[in-house]
Amino acid sequence: MMSQVPNVTGDLFLSASLIELVNHCLKGDQSAMLELVDRYKQRVFALCFRMLGHRQDAEDAAQETFVRLLRNLSKWDQDRDFEPWLFTIAANRCRTSLAARKRRPPPQSLVAPIADRAPSTAGARQLGEEVDLALLRLRMEYRQAFMLFHDQELSYEEIAAALDRPLGTVKTWIHRARIELIRILRDRGIIEASGHSRRQTREAQHAVSQC
C-alpha cells in the first residue's frame with residue numbers, strides 16, 4: 001500500500017494566498033478583511049460554541065475574536081502558521097467569557113421543565129450532547145488543548161507553540177482531558193463503570209476522540 005504524499009505545492013499555494021490576503025488587510029482593504037473573516041468564521045464559531053456551550057456567548061466570542069484579529073494582524077509572524085495563532089485568540093476570548101459568566105447571576109427559568117417521554121431515536125446525538133456537557137466541566141487548559149487538537153486538528157507542536165507551553169505539558173493536558181471526559185460520562189451513567197456494557201464504553205470513547 002502506497003503511503004500518502006503530502007500536497008506540498010497545494011500547501012505552499014494556500015500559504016502564499018493567505019499571506020497575500022493578510023497583506024491586503026494590512027493596507028486597509030475592506031473586501032480582503034471580509035474575505036479573511038468569511039474564510040474562518042465557521043471554524044472559529046464552532047470552537048467557541050464547543051468551549052462555551054452557549055450560542056449567544058459563542059457568537060459574541062467569535063465576533064470579539066475577529067475584532068482582535070484585525071486589530072493585531074500586524075503582529076502575526078508570517079513565518080509561523082496562521083491558524084494556531086487565530087484559534088488561540090478565540091480560545092482566550094472564550095476564557096474571558098467564562099470568567100465573566102461566573103460573575104453573572106444564574107438566569108431564572110420562567111417555565112418549569114417538562115419531561116420528554118418520547119422514545120429516544122437519536123442515541124448518537126444524545127451521546128454527543130453529553131460529551132459537550134462533559135467538556136464544559138474540564139479544567140480550562142485541558143479543554144482548550146483538547147479542542148485545538150480534536151476540533152481544529154492542530155498538531156501537538158502547533159498547540160504548544162500557540163499556548164506557549166512545553167510539548168510534554170500539552171500532551172499531558174490532552175491525555176488527562178480524555179480520561180476526565182470518560183470519568184464524567186461514567187459518573188453521569190452514560191457509560192457503565194463495569195464491563196457489562198463494553199459497546200457503550202467503546203461508543204463513548206469514540207465520541208470523545210472524534211468530538
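The values are calculated or read from the model by the stated rules, or taken from the named source; none is laboratory data. Everything numeric here is computed off the predicted structure, so don't read it as measured data. Every residue, glycine among them, receives a Cβ derived from its backbone with ideal geometry; neighbour counts consider all protein chains shown.
With the checklist (1) touching a residue at least 60 places away in the same chain (Cβ under 8 Å); (2) crowded, with 21+ Cβ neighbours inside 10 Å in hand, flag the one item Ala58 doesn't pass.
(1)
Give the number of residues within segment 56-90 that are more than 21 Å from Leu34 (Cα to Cα) and small (Gly, Ala, Ser).
0
Do you know which residues across segment 145-154 are surrounded by 14 or more Cβ atoms within 10 Å (Cβ to Cβ) and either more than 17 Å from Ile182 (Cα to Cα) or among the hydrophobic types (A, V, I, L, M, F, W, C) (or both)? Walk me through how you get there before you give the answer.
So the first thing to find is which residues in segment 145-154 are surrounded by 14 or more Cβ atoms within 10 Å (Cβ to Cβ), and the list is 145-152, 154.
Result: Ala145, Phe146, Met147, Leu148, Phe149, Asp151, Gln152, Leu154.
Looking only at segment 60-84, which residues are out of contact with any helix residue (DSSP H, G or I) (no Cβ under 7 Å at 6 or more places or on another chain), part of a helix (DSSP H, G or I) and polar (S, T, N, Q)?
Gln63
Tell me whether segment 28-46 contains one or more residues that are farther than 17 Å from Ala162 by Cβ, part of a loop (DSSP other than H, G, I, E, B) and either at pLDDT 90 or above or not assigned by TED's automatic domain parsing to the domain that holds Ala16 (or both).
Checked against the condition, which is being farther than 17 Å from Ala162 by Cβ, part of a loop (DSSP other than H, G, I, E, B) and either at pLDDT 90 or above or not assigned by TED's automatic domain parsing to the domain that holds Ala16 (or both), segment 28-46 yields at least one hit.
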